[in-house]
Amino acid sequence: MKYAIIIPDGCADEPQETLGGRTPLQAAETPAMDAIARAGVVGRANHVPASLPPGSDVANLSLLGYDPIANFTGRAPLEAAAQGIELGPNDWAIRCNLVTVEDQIMRDFTAGHITTDEAKKLLATVQEKLGPGHPGGAGLEFVPGVSYRNLLLWRGQRQSAPFSRDTRTTPPHDLTDKPVIDDYPRGPGSDVLTRLMAESVSLFADHPVNVARRKAGKLPATNVWLWGLGRAPALKPFSELYGKRGAMITAVDLLRGLAALIGWRRIEVPGATGYIDTDYAAKGRYAIEVLGDTDIICVHVEATDEASHQGDAAAKIEALSQIDRHIVAPLHAALKAQGDYRILVTPDHPTPLRTKTHSHGAVPFALCGSGVAADAATTYDEPTADRSVLAFDEGWRLMQYFLQ
């Protein structure tokens, strides 16, 4: 039996007035997803417990079959794993965004989608000025990632970290076009995080990178924004829990890290950007090529979530149509041609266009294949899922259902 999972990140949404009361899933051209709905079942799953923040970290941990209540420690440790960074028992990883804040408003949580090369230069400056050898900098290590997505490590060999599970931070993508004054870190160690964020402002103000960006009419990176901190999780290998081998296709470090921690192969696809300009067709081709070498192939696409963060309904609809045409359709055809199979399409969490941020709540899934008896569903969308009797309040149990 071969299995495929397609994750259109954050695609679940609300009815839109501009779409005649339809959701983006209803408005998009998704014949391949609808074909899965007709051949199998449509249901809903809640991947974010009420007690945890509605992030992709919690949601994808659940979607991959791990109880987030028992296993979630923070987002940044997952991204550290993607870079092959080992965290000691006293180490903490902290997500370090480059952002644009103007007049205490989060203008852009990506700093105008700053380039990776520009980000490296800015991170080198904060490492030099705020890292070891400077007051309060012992054990600090700023680690460049991709574009605005970077990390700060607190190495705790010489002193224990001031943070705890009670330290509270706010993802910058939750603050788009909103005031940030009440969303700086709170709780144990928040003074350290807030100080670093504040000191980065003066370091970045006249930095050559920002001087050049302003001259080019681009947004500057005004400061670092620190959030999503945690220590290394201890996840059982997926093969031990479910008896299957897996492979992950994604352009996002969070999913790369999750794959590494659960023992899945990570497949790098040229042209996969983690944005709305990603090469959808390349992701579909690589997924088909990997089928023969694994039990489960998982294709994660960030584009739908990015469009939601921008409040761009047209971009979200287009991303869904591209996923359907270039990933779901050819992958489903390849699965049927090779023998017994099951295919699952599901987002991780809702990201409403109205709020431009992640939210709690159930998401729709469509599943078909060998041994799955069709229900009455004819389309894959939120209203169809809401009418279904198939529901997983603990979303991580969906994986057991899928693989049974």
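Between residue 141 and residue 378, what is the spin-label point distance in nm, taking each point 7 Å from the Cα along the Cα→C-beta axis?
5.8
Hey, how many Å between the Cα centroid of the stretch 221-296 and the Cα centroid of the stretch 28-42?
24
Rounded to the nearest 5, what is the percent of antiparallel bridges among the DSSP beta bridges in the stretch 92-230?
Bridges in the stretch 92-230 are about 95 percent antiparallel.
Mind telling me which of 346, 116, 30 comes out most flexible in a GNM of the chain, alpha-carbon contacts under 10 Å?
116
May I ask you to order 257-264, 5-12, 189-196 by the average number of other C-beta atoms within 10 Å around their residues, highest value first?
5-12, 257-264, 189-196
Let me have the 222 nm mean residue ellipticity of the chain computed from DSSP H runs of 4+ only, each contributing -39500 (n - 2.57), with the sum over all residues rounded to the nearest 500.
Taking each H run of at least 4 residues, the total per residue is -9500 deg cm²/dmol.
Report the gain in length on full extension from residue 401 to residue 191: 0.36 nm times residue separation, minus Cα-Cα distance, nm rounded to one decimal.
Net length gain for the segment: 71.1 nm.
Please state the Cα pair-distance histogram of the stretch 167-227 with 5 angstrom bins from zero: what percent is in each bin?
With a bin width of 5 Å, the distribution comes to 4, 17, 22, 21, 18, 11, 5, 1, 0.
Which residue fluctuates most in the GNM of the chain (Cα springs below 10 Å): 78, 151, 291?
Maximum fluctuation in the GNM of the chain, among the listed residues, is at 291.
What size of dipole, in debye to the nearest 20, comes out for the stretch 92-230 about its Cα centre when the only charges are +1 on Lys and Arg C-beta atoms and -1 on Asp and Glu C-beta atoms?
320
Quick check on the stretch 92-230: take the gyration tensor over C-alpha atoms, sort the square-rooted eigenvalues as a ≥ b ≥ c, and tell me if it's rounded (a/c under 1.5), prolate or oblate.
Oblate.
What does the charge dipole of the chain about its Cα centre add up to, to the nearest 20 debye, if the Cβ of each Lys and Arg holds +1 and the Cβ of each Asp and Glu holds -1? Before the final figure, lay out each step's value.
Values: 39 positive and 48 negative charges, 148 e Å.
Computed about the Cα centre, the dipole is about 720 debye.
Taking the simple approach of a point 7 Å from Cα along Cα-to-Cβ for both residue 71 and residue 1, what is their distance in nm?
1.9
Too long at a 24 Å Cα-Cα cut-off: which of 2/316; 244/316; 178/316; 283/336? All intermediate terms of the calculation are to be shown ahead of the outcome.
On the way: 2/316 29 Å; 244/316 32 Å; 178/316 22 Å; 283/336 18 Å.
Violating the 24 Å limit, Cα to Cα: 2/316; 244/316.
Quote the relative contact order of the chain in percent (integer), defining contacts as alpha-carbon pairs under 8 Å separated by 6+ residues.
In percent, rounded to a whole number, it is 34.
Filter the trypsin sites (Lys or Arg not before Pro) in the stretch 108-162 to those in DSSP coil with at most 16 other Cβ atoms within 10 Å of their Cβ, and list the result. Before the final figure, lay out each step's value.
On the way: sites: 120, 121, 129, 149, 155, 158; in loops: 155, 158.
Taking the stretch 108-162 and a limit of 16 other Cβ atoms within 10 Å, the loop trypsin sites (Lys or Arg not before Pro) found are 158.
Specify which residue in the list 194, 138, 171 is farthest towards the positive end of the charge dipole of the stretch 92-230, using unit charges on the beta carbon of Lys, Arg (+1) and Asp, Glu (-1), about the Cα centre.
It is 138, whose Cα lies furthest towards the positive end.
Quick check: Cα centre of the stretch 372-404 to Cα centre of the stretch 132-165, how many Å?
42
Of the options 401, 160, 69, report the single residue whose Cα projects farthest towards the positive end of the charge dipole of the chain (beta-carbon charges: Lys, Arg +1; Asp, Glu -1).
The one lying farthest along the dipole's positive direction is 160.
Between the stretch 98-114 and the stretch 174-201, what's the alpha-carbon centroid distance in Å?
13
With springs only between Cα atoms under 10 Å, which of 390, 344, 367 fluctuates most in a Gaussian network model of the chain?
Top of the fluctuation ranking is 390.
Find how much the distance from residue 281 to residue 205 grows on full extension, using 0.36 nm per residue of separation minus their present alpha carbon separation; answer in nm with one decimal.
23.3 nm
Between residue 38 and residue 216, what is the label-to-label distance in nm when each label sits 7 Å out along the Cα-to-Cβ direction?
For the pair residue 38/residue 216, the computed spacing is 4.8 nm.
Set the Förster radius R0 to 22 Å, insert the Cβ-Cβ distance between residue 289 and residue 236 as r into 1/(1 + (r/R0)^6), and round the FRET efficiency to 0.05.
Values: r = 28 Å, r/R0 = 1.28.
With R0 = 22 Å, the Cβ-Cβ based efficiency is 0.20.
What does the C-alpha gyration tensor say about the overall shape of the stretch 300-404? Classify as rounded when a/c is under 1.5, otherwise prolate if a/b is larger than b/c, or oblate.
Oblate.
Given the chain, what percent of its DSSP beta bridges are antiparallel, to the nearest 5?
Counting DSSP beta bridges with both partners in the chain, the antiparallel share is about 60 percent.
Could you tell me which GluC sites (Glu not before Pro) in the stretch 244-311 are loop residues by DSSP with no more than 15 other beta carbons within 10 angstrom of their beta carbon?
268
Restricting things to alpha carbons, find the Rg to Rh ratio for the chain using the Kirkwood radius for Rh.
0.97
Bear in mind these aren't lab numbers, they're just calculated from the coordinates by the rules spelled out. As the structure is a computational prediction, the values presented were derived from the model and not from experiment. When we count neighbours, we look across all protein chains shown, and the Cβ atoms used for this are built from the backbone with ideal geometry, even at glycine.
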